[in-house]
Each structure stands twice: as C-alpha cells, then as structure tokens.
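Only one structure is covered here, and it is reproduced in the block below.
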Amino acid sequence: MTGLETRLTLLADSITLHIQQARDQVKRAVNTAMVQSYWQIGCLIVEDEQQGQERAAYGKQQLKHLSQVLTDRLGKGFDVTNLRNMRRFYLAFPIRETVSLELNWSHYNLLTRIENEAARNWYMQETISQSWSVRALERQISTLYYERLLSSKEKQLVEQEAQDKTQALVESPKDYLRDPYILDFLNLQDQTYQENELEQAIISHLQQFLLALGKGFAFVERQQRIRFDDEDFYIDLVFYNFKLKCFLLVDLKLGKLKHQDVGQMDTYVRLYDEQRKSHDDNPTIGLVLCSEKSEAVVKYSVLADQQQLFAAQYLPYLPSEEELKRVLERERQQAMVRLQARELRDE
C-alpha cells in the first residue's frame, strides 16, 4: 500500500467513525424524545380521565375523539390503540425517574404488557444490562425466561440457553428505520423503507400486469397497514375487483416459501374482512407470490369456509397460479437485469 493509499484509508476511517457516532447521537435523540413525549402524553390522558365523572366510558368516547383530532393535526401514530399504549406506559411507570432512556418505545410497549411488576422490572434491567434488542426482549418474555429462571435449579443452563437464542436477534440500522413507531413519530412516509429495490421492482410490474388484465381490477394501495393486538402488518398490494366485489391482497416473498407465509396471508384475509370489508362486499382473497432464484411459487389464500365460492365464482376472473408463476419468473429476471445495469452505470 502506497503512502497516499494509507493516508486515504486513515481519512476514510476517521470519517466513518464520525458518521457512525453522529448516527448514534441522532438515534438516541429520537428515542429520548419519543419515550419522554409518550410518557407525558400518557400522564396527561390519565390526569384528564381522573377529572371526568364518566370514567367507564372514557376509552370509547374521549380517546376516540382525541385520536381523530391528533391524527388530523400530527399525522399517523395517534390512533386509539397507541393512545391506550401511552396511557398504559404511564400507569406502569408513574415515576418519571424510573423510566430509562436507554430503552426505546418498542421496548416499553412490550414491558408494559407484563402485569407482574417484579417481572417487568427484572426484564427492564436485563434488557439494559444485556443490550437486548426488541426482538430479543420479545423472545425472552414469550419463553417465560424470568419465570423459568426463578423455578430452575440449573440457572446457568437457563441463562446460557437464553444467551444463545438472542445472539442473532440484533437490531440493524435498517430495522431501526423500518420501525413503524419511529416513522410515525417523525411523521415520515413509510413506503420507502419497507421493501428492497428488487422487491419494489417486481411489485411495480405485477401491479401493472394485474391492472392490464381487464377483469375488473382497481388498484387500492401499496404497503397498506392493518393492525391487530398492538402489532402492525403491511400488505404489499391491495386491489379491489368490481366484478367480484371483493378485495385481493398480494404479498411478495423473496426466498423459499414457508408454511407460515401462507398462514400469515390467511391472517391478513381474516383481519381485512373484519376491519375493511363492507357489508355488501364478498369475502377477501389473498395471493402469496414467492420469488426464488431457481423457481417461483404462487398460492391463492382462501379461508376454509369460502373454498366453494372461490372455485365457483372467483376463478373465472382471476389469473391462474401457473400464469402468475410465469409472470413472476419473467419479472424477476427483468428486474435483476435493470438493477445490474443501473449498478454498472453508477460505478
């Protein structure tokens, strides 16, 4: 390595370190502002609730109205569920000094669901000392780590198992940017962060293909969010078919199709029927598209009690799985060519 190359390498190292430190500062600042703001909102809600005479009706009436006003003024992130989460946050940590700013809002959203105060405080301290990501904390709570540790005579084995299982559950910068709570708090549009470029390219052309079929498809939304039990789900593409009078949900997976991918789409379909379908709409159907390098897999998702309706009335207006498979394989190849050509231009 020449003297010039060595000097440039050292300069690049210094710049990299500076940027990484700056990014960490921004992340900490956002987390601090978010946690403090949501604790204060929870406090204000509880104080207002305690002043009202009809406390039992508070959650159904005042929170709904408050949610509408805040959403109109501030954007996403202030639906009734989130406001209840903030209220629960304050009730779980009523003393502000006990709220650690080393944890983010997603951590606290998990912690406040733990009713046992001793367990909640233990998980909180362990998350701080072990630097658990949100996924790691969720895993430990779901496997009853605290309870198993208390009851086990082989505590070291339990601790080692927990450590081994959480080593891979580390948050990356991309995970942080994809966090819907962060995006809502900063009032950012979330679509940009939801998919990688290859996935976006394939989705764009599949959207054009379905609209060009001439079988009654109308485009509704990309990356549409639905919520269930305080958890957000994003649907890649949503269409409405005017001939069938039903919604079509499309989810694209890159890599091998897993059994839970189909199960997840069944959940989307069920939630969509409950939350979005009108009384005069027919049952929602799902479509899972799995794009692998070697093979494409396409599966329609229909709830068990709708199989007969799907076969008799829906199929004539829908592209077949084989037809979609051919389109998916072609679009992946073309998308790869386009992305590779762009990378060559940028070099």
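The values are calculated or read from the model by the stated rules, or taken from the named source; none is laboratory data. Source: prediction; values computed, not measured. No Cβ is skipped: glycine too gets one built from the backbone with ideal geometry, and neighbour counts run over all protein chains shown.
Structure data summary
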| quantity | calculated |
| --- | --- |
| Residue in the range 184-207 that is at pLDDT below 80, surrounded by 14 or more Cβ atoms within 10 Å (Cβ to Cβ), in contact with a strand residue (DSSP E or B) (Cβ under 8 Å, 6 or more places away or on another chain) and assigned to a strand (DSSP E or B) present | no |
| Test: residue in the range 292-310 that is over 18 Å from VAL262 (Cβ atoms), in the same structural domain as GLN334 (by TED's automatic domain parsing), at pLDDT below 80 and of a type in the set (A, V, I, L, M) | yes |
| The lone exception for TYR240 - which of (1) surrounded by 13 or more Cβ atoms within 10 Å (Cβ to Cβ); (2) modelled with pLDDT under 85 it fails | (2) |
| Checklist (1) more than 23 Å from the chain's Cα centre (by Cα); (2) among the polar types (S, T, N, Q); (3) modelled with pLDDT under 90 applied to THR81, failing item | (1) |
| Qualifying residue in the range 119-127 (condition: among the small types (Gly, Ala, Ser), out of contact with any helix residue (DSSP H, G or I) (no Cβ under 6 Å at 6 or more places or on another chain), assigned to a helix (DSSP H, G or I) and modelled with pLDDT of 90 or more) | no |
| Residue identified as assigned to a loop (DSSP other than H, G, I, E, B) and either under 20 Å from CYS43 (Cβ atoms) or free of Cβ contacts under 8 Å to residues at least 60 places away in the same chain (or both) among PHE78, PHE89 | PHE78 |
| From the options LEU83, LEU137, LEU44, residue that is assigned by TED's automatic domain parsing to the domain that holds LYS27, without any contact (Cβ under 8 Å) to a residue 40 or more places away in the chain and buried (at least 17 other Cβ atoms within 10 Å of the Cβ) | LEU137 |
| Pairs where the first residue, in the range 244-255, is in contact (Cβ under 8 Å) with a residue 12 or more places away in the chain and the second is assigned to a strand (DSSP E or B) and charged (D, E, K, R), C-beta under 7 Å, 6+ apart | VAL250/ASP236; ASP251/ASP236; LEU252/ASP236 |
| Some residue of the range 288-311 being among the acidic types (Asp, Glu), more than 21 Å from LEU210 (Cα to Cα) and not in a helix (DSSP H, G or I) | no |
| From the options LEU252, LEU271, residue that is within 20 Å of the chain's Cα centre (by Cα), hydrophobic (A, V, I, L, M, F, W, C) and farther than 18 Å from LYS325 by Cα | LEU271 |
| Qualifying residue in the range 210-220 (condition: closer than 25 Å to LEU271 by Cα and at pLDDT below 75) | no |
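Every residue, every condition in (1) surrounded by 14 or more Cβ atoms within 10 Å (Cβ to Cβ); (2) hydrophobic (A, V, I, L, M, F, W, C), yes or no:
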position: VAL99; (1), (2): yes, yes
position: LEU110; (1), (2): yes, yes
position: GLU117; (1), (2): no, no
position: ARG120; (1), (2): yes, no
position: SER142; (1), (2): no, no
